[in-house]
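S.K.: Input: one structure, supplied below.
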Amino acid sequence: MAAKPTSSPPKGRIRPVCGLGIDVHQDFYVVVMQEGGSNPKPPQRFQKEAFLYWAAKLAGSGAQVHAVYEACGFGFGLQRNLTALGIDCYVVCPQKLDEQNRRVKTDGLDAKALCLKLDRFVQGNRDAMALVRVPTEQEEQQRAIHRQREQLVKARKQLEAQGRSLMVNHGLEPVKSWWKRGNFGALQVPEWMKELLGNSQPLLLALQEKIGALTLQLQVAAASKQPRGLGAMTSVIIDREIGDWRRFNNRRQVGSYTGLCPGEYSSGNTRLQSCVTKHGNPRLRAALVELAWRLVRFQPNYKPIVKWRQILAKGAFATGAARKKAIVAVARQLAVDLWRVRTGRCKPEVFGLVS
């Protein structure tokens, strides 16, 4: 990576503003530059190292450089590299950039659209871009642990299901956890089938061993004192998916990030609220809903549980849809209450949470 430039414009001279809209690919970047609010220039295509060298020269010229690109599968390395060069780099949510609905999409047009949004954002229109918070490298490393565990659990379930499917397809009763050593040795299946299942069994055993090691690692990292029912694993997952609880300024921001707020489509005299927006972090949303169901049993005096008890209670006559709405409301309030606890605003006992 090119070194951070040290030159600066002479005192009293206004620094020109340059905006860079970047369309990111694995091997190259397509960049559109706009100088001082003028029309964007034609797109340029750079290899990765060549772009960083060019950006370093641009930053070293004394210009105030801003850049933006969409969040993608290539991570936040580009944002960190540009920030190290003294460039204000933003990452935004993936979106449809064809605002004029011309049904024409190219890398150059996407980079130009990003550049125009960046210009409005720099001029003071904070709603021009939907920013994504860039986690620190340590936060990324920590959350990668439980995300890998989640992937390994998914792979184990797939292999296990394939074995059960093989039994069912040949008229045999499927055996739960057939791959475990005791169950596998007692399987009443033909030899040819047992040979096929034996190809998957070592993989399943190895997966389970790795899952157990990661589970223990996550549980050890949890805080010692937790409200009853919260669980060490769930606590770590929620905290690491959030990253920094203090980045939220109010409860509305917390609720919005969970994606558990109702959607709305209103026009004129018509007001329609639909299902939850699912905006934000899906892993956090799943962990909160799972935890909310657990608190129904372990924290009966938790205020949201008390509010929705008639619907959530076992044996209640509420429909499935009503129970889902109720548990979503509990999960949304739970996220807000955890934010208040983690940031020191309140104690868990205030909300009826006991240890």
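S.K.: Residues in the stretch 78-101: is at least one acidic (Asp, Glu), more than 18 Å from residue 133 (Cβ to Cβ) and in a helix (DSSP H, G or I)?
M.R.: Looking through the stretch 78-101, none of the residues is acidic (Asp, Glu), more than 18 Å from residue 133 (Cβ to Cβ) and in a helix (DSSP H, G or I).
S.K.: I would also like to ask the following. So the check is Cβ under 6 Å with 6+ separation or different chains; which pairs have a first residue in the stretch 125-145 that's under 29 Å from residue 113 (Cα atoms) and a second one that's modelled with pLDDT of 95 or more and among the polar types (S, T, N, Q)?
M.R.: 134/79
S.K.: Moving on to the next point. Is it the case that the stretch 161-170 has a residue that's closer than 30 Å to residue 20 by Cα, out of contact with any strand residue (DSSP E or B) (no Cβ under 9 Å at 6 or more places or on another chain), open to solvent by less than 50 Å² (accessible area, probe 1.4 Å) and of a type outside the set (Asp, Glu)?
M.R.: No: the stretch 161-170 contains no residue that is closer than 30 Å to residue 20 by Cα, out of contact with any strand residue (DSSP E or B) (no Cβ under 9 Å at 6 or more places or on another chain), open to solvent by less than 50 Å² (accessible area, probe 1.4 Å) and of a type outside the set (Asp, Glu).
S.K.: Let me ask something else about it. If the requirement is being surrounded by fewer than 17 Cβ atoms within 10 Å (Cβ to Cβ) and within 23 Å of residue 347 (Cα to Cα), which of these qualifies: 228, 240?
M.R.: Of 228, 240, the one residue that is surrounded by fewer than 17 Cβ atoms within 10 Å (Cβ to Cβ) and within 23 Å of residue 347 (Cα to Cα) is 228.
S.K.: Take residue 91 and decide whether it is out of contact with any strand residue (DSSP E or B) (no Cβ under 6 Å at 6 or more places or on another chain), closer than 19 Å to residue 120 by Cβ, crowded, with 18+ Cβ neighbours inside 10 Å and modelled with pLDDT of 95 or more.
M.R.: Criteria met by residue 91.
S.K.: Having 2 or more residues that are over 24 Å from the mean Cα position of the chain (by Cα) and free of Cβ contacts under 8 Å to residues at least 60 places away in the same chain is the bar; report the helices (runs of 4 or more DSSP H) wholly within the stretch 236-355 that clear it.
M.R.: Here the list reads 303-307, 309-312, 320-342.
S.K.: Separate question: Give the residue, chosen from 173, 160, that is modelled with pLDDT of 95 or more and over 20 Å from residue 68 (Cβ atoms).
M.R.: 160
S.K.: Mind checking whether some residue in the stretch 200-220 is assigned to a helix (DSSP H, G or I), farther than 30 Å from residue 329 by Cα, over 33 Å from the mean Cα position of the chain (by Cα) and of a type in the set (S, T, N, Q)?
M.R.: no
S.K.: Just for the stretch 96-108: of the residues that are without any contact (Cβ under 8 Å) to a residue 60 or more places away in the chain and open to solvent by less than 70 Å² (accessible area, probe 1.4 Å), which one is farthest from residue 281 (Cα to Cα)?
M.R.: 106
S.K.: Which residue pairs have Cβ atoms under 9 Å apart, sit 6 or more places apart or on different chains, and have a first residue in the stretch 64-81 that is more than 11 Å from residue 23 (Cβ to Cβ) and a second that is among the aromatic types (Phe, Trp, Tyr) and part of a strand (DSSP E or B)?
M.R.: Cβ pairs passing all conditions: 66/90; 67/90; 78/29; 78/69; 79/69; 79/90.
S.K.: Being of a type in the set (A, V, I, L, M, F, W, C) and touching a His at 6+ places or on another chain (Cβ under 7 Å) narrows it down to one residue among 242, 237, 211; which is it?
M.R.: Testing whether each residue is of a type in the set (A, V, I, L, M, F, W, C) and touching a His at 6+ places or on another chain (Cβ under 7 Å) leaves just 237.
S.K.: Any chance you could count how many residues in the stretch 293-327 are out of contact with any helix residue (DSSP H, G or I) (no Cβ under 7 Å at 6 or more places or on another chain) and not β-branched (Val, Ile, Thr)?
M.R.: Counting residues in the stretch 293-327 that are out of contact with any helix residue (DSSP H, G or I) (no Cβ under 7 Å at 6 or more places or on another chain) and not β-branched (Val, Ile, Thr) gives 16.
S.K.: Can you go through 111, 59 and tell me which one is buried (at least 18 other Cβ atoms within 10 Å of the Cβ) and either touching an Asp or Glu at 6+ places or on another chain (Cβ under 7 Å) or under 15 Å from residue 32 (Cβ atoms) (or both)?
M.R.: Criteria check complete, one pass: 111.
S.K.: Quick check on my filter: what residues within the stretch 17-56 are in a loop (DSSP other than H, G, I, E, B) and either crowded, with 17+ Cβ neighbours inside 10 Å or in contact with a His (Cβ under 7 Å, 6 or more places away or on another chain) (or both)?
M.R.: 40, 43 - these are the residues of the stretch 17-56 that are in a loop (DSSP other than H, G, I, E, B) and either crowded, with 17+ Cβ neighbours inside 10 Å or in contact with a His (Cβ under 7 Å, 6 or more places away or on another chain) (or both).
S.K.: For the stretch 171-199, which positions are more than 33 Å from the chain's Cα centre (by Cα), small (Gly, Ala, Ser) and surrounded by 11 or more Cβ atoms within 10 Å (Cβ to Cβ)?
M.R.: 198
The values are calculated or read from the model by the stated rules, or taken from the named source; none is laboratory data. Remember, it's a predicted structure, so these values are computed and weren't measured experimentally. Every residue, glycine among them, receives a Cβ derived from its backbone with ideal geometry; neighbour counts consider all protein chains shown. The accessibility values were calculated without ligands, DNA or RNA, using every heavy atom of the protein model including side chains. Shrake-Rupley method; radii C 1.70, N 1.55, O 1.52, S 1.80 Å.
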